[in-house]
Amino acid sequence: MKKDLKNLDIVVLGASGNLAQTKIFPALFALFSQGLLPEKVKFYGFARSQLSQTEFKEQIMPNLTCRYTPDHSCGDFVEKFLERSYYCNGKYDSIDGLNSLASHLTKDANRIFYMALPPEIFPMLTKSIAMAGLLGSDADKWVRVVIEKPFGRDRASSDELNSELLKEFSEKQIYRIDHYLGKEMVQNIMVLRFANQIFKPLWNSKYIKCVEIDWQENIGVEGRGGYFDNYGIIRDVVQNHLLQLVTLVAMDEPESLDADVIRDRKLAVLHDIEIVNIEDLILGQYTNYTDDPMVPDKSLTPTFVNVKLKIDNAEWRDVPFVIRAGKGLNAKKNEIRILFRKPEGNIFCQLDNCPPANELIIRIQPDEGIHFNIVSKVPGLKMQFQEKDLDLSYKSAFGDAIIPEAYESLLLDVINGEKALFIRNDELEAAWDIFTPVLRYIEENKIKPENYVFGSKGFDRICKKE
Ligand code: BG6
């Protein structure tokens, strides 16, 4: 961590909402309790709710857990964190509340505005923040803004949102957060690919047959029906989190770890992904989805999707990248399966005993780890094979090491001005270009998703072993 950090004010807008309470403040606390924040850091909550300082602190306190500090010192850290926290209420479309916030902010401190709010509010809020004079940055101090997905509903609305934001902030100041990029195993994809020589020559269509990104949740929309029904599973997790995983698997090795070089490589993949065809999609909706009070009775919003992406470049042509994502399924899990081709003309096939193809599984969550199915001789006098799992489970490999929450890692990057794990404007545009036409087609033609039973497996996977 850089040592030249001066005073820092972190303002969480939408401070009484679920995201702020369950993710942002706990992540800030985790960094604070490890001594990773500047000594004079202060935390500000801003929202519409009328809350006293005590009520605000009582709201955030239950989620502040001491994962990094011994139990006996936990209370002290919580107390110190709360002493530096201040709440201010006000409207997002007026400067009254923000003026009052301004009077409490530290003069000449670096500032982060974290918008833990729906994107529709960003443009008016940014204007109000600017009018309240909170954006002044100069050579000695910076102002950064963190925004949460969904960044629009399609290419046009995303462009509009961006142009509004760019009226007040420069691209350099904007941190578009995709919390999947902060997950430990997602950060490990580049390490796996580029720190291990053995994968480099095999990482292309000659050896890989299919890549599947499997994302499942065993819960439904759980109180977020209003939001979810407006967006659907493609906009909720596919166009962002899971597409980012595709870019990390398919990108060329960058020449350096520079944020822009990495994002250029990812962007190149996005540009090579063909626009999604309706024939390459299976849409599903779990039974009883429309029982949610916020979901219209006749909703056609998909809660499940199986989509095949085609990457039109020399490395990946003919290798389907299949994203399978669903809520209300029978497991909570996210993994990337890399299915290798069956070795052609393998000598063991002469014995009518062809070995199965290898498979590499990157388990993002839960039980982070890497598994490689390797073909082995079964001990004994006969020549028989079996696939066995070379298992790098994080729990057994790294013992008690604490796996940081994605938001901890990303917030620290915002403070340090590291942008590699944030979405650049052109990446966002390219991601929308892949999905906008098919989303429009689905909505204009009122395509009905197939029903699947809540808690079931959903629809079949496409990456099949040969
Ligand atoms: C969010 C989606 O971005 O990611 C949610 O809006 C989803 O629908 C969540 O549940 C999953 O995040 P995680 O970190 O629990 O896998």
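Of note:
- Criterion applied to Phe340, Phe348, Phe372 was being open to solvent by less than 80 Å² (accessible area, probe 1.4 Å) and over 36 Å from the mean Cα position of the chain (by Cα), and the one residue passing it is Phe348.
- Residue within segment 182-196 that is among the small types (Gly, Ala, Ser) and out of contact with any Ser or Thr (no Cβ under 9 Å at 6 or more places or on another chain) present: yes
- Matching entry among Val238, Val221, Val191 (being farther than 21 Å from His271 by Cβ and within 11 Å of the ligand (Cβ to nearest atom)): Val221
- Residue within segment 257-269 that is under 30 Å from Gly417 (Cα atoms) and either at pLDDT below 95 or part of a loop (DSSP other than H, G, I, E, B) (or both) present: yes
- From the options Ala314, Ala331, residue that is assigned to a loop (DSSP other than H, G, I, E, B), more than 16 Å from the ligand (Cβ to nearest atom) and either among the aliphatic types (A, V, I, L, M) or within 28 Å of Phe228 (Cα to Cα) (or both): Ala314
- Search result, residues across segment 43-79 that are of a type in the set (D, E, K, R) and open to solvent by 80 Å² or more (accessible area, probe 1.4 Å): Arg48, Glu55, Glu58, Arg67, Asp71, Asp76, Glu79
- Qualifying residue in segment 197-213 (condition: within 17 Å of the chain's Cα centre (by Cα), part of a strand (DSSP E or B) and within 16 Å of the ligand (Cβ to nearest atom)): yes
- The residues on offer are Phe29, Phe81, Phe77, Phe56, and the sole one that is outside any loop (DSSP other than H, G, I, E, B), under 24 Å from the mean Cα position of the chain (by Cα) and in the same structural domain as Ile121 (by TED's automatic domain parsing) is Phe29.
- From the list Glu222, Glu253, the one residue that fits, being open to solvent by 50 Å² or more (accessible area, probe 1.4 Å) and at pLDDT below 95, is Glu222.
- Segment 113-160: number of residues that are in a strand (DSSP E or B), within 16 Å of the ligand (Cβ to nearest atom), in contact (Cβ under 8 Å) with a residue 60 or more places away in the chain and hydrophobic (A, V, I, L, M, F, W, C): 2
- Cβ-Cβ distances below 9 Å connect the following pairs, each with a first residue in segment 214-230 that is under 28 Å from Ile362 (Cβ atoms), a second residue that is open to solvent by 80 Å² or more (accessible area, probe 1.4 Å) and in a helix (DSSP H, G or I), and a separation of six or more residues or different chains: Arg224/Asn18.
- Filter pass, Ile338 being of a type in the set (A, V, I, L, M), at pLDDT 95 or above, out of contact with any helix residue (DSSP H, G or I) (no Cβ under 9 Å at 6 or more places or on another chain) and within 30 Å of Glu450 (Cα to Cα): no
- Restricting Ala357, Ala401, Ala397, Ala430 to those that are under 30 Å from Lys172 (Cα atoms) and either open to solvent by 30 Å² or more (accessible area, probe 1.4 Å) or modelled with pLDDT of 90 or more (or both) reduces the list to Ala430.
- Segment 431-449, residues that are farther than 17 Å from Asn230 by Cα and in contact with a strand residue (DSSP E or B) (Cβ under 8 Å, 6 or more places away or on another chain): Ile434
The values are calculated or read from the model by the stated rules, or taken from the named source; none is laboratory data. Every value quoted in this text rests on a predicted model; they were computed, and no experiment measured them. With ideal geometry, Cβ positions are generated from the backbone for all residues, glycine too; neighbour counts draw on all protein chains shown. Accessible surface areas use protein heavy atoms only, side chains included; no ligands, DNA or RNA. Shrake-Rupley method; radii C 1.70, N 1.55, O 1.52, S 1.80 Å.
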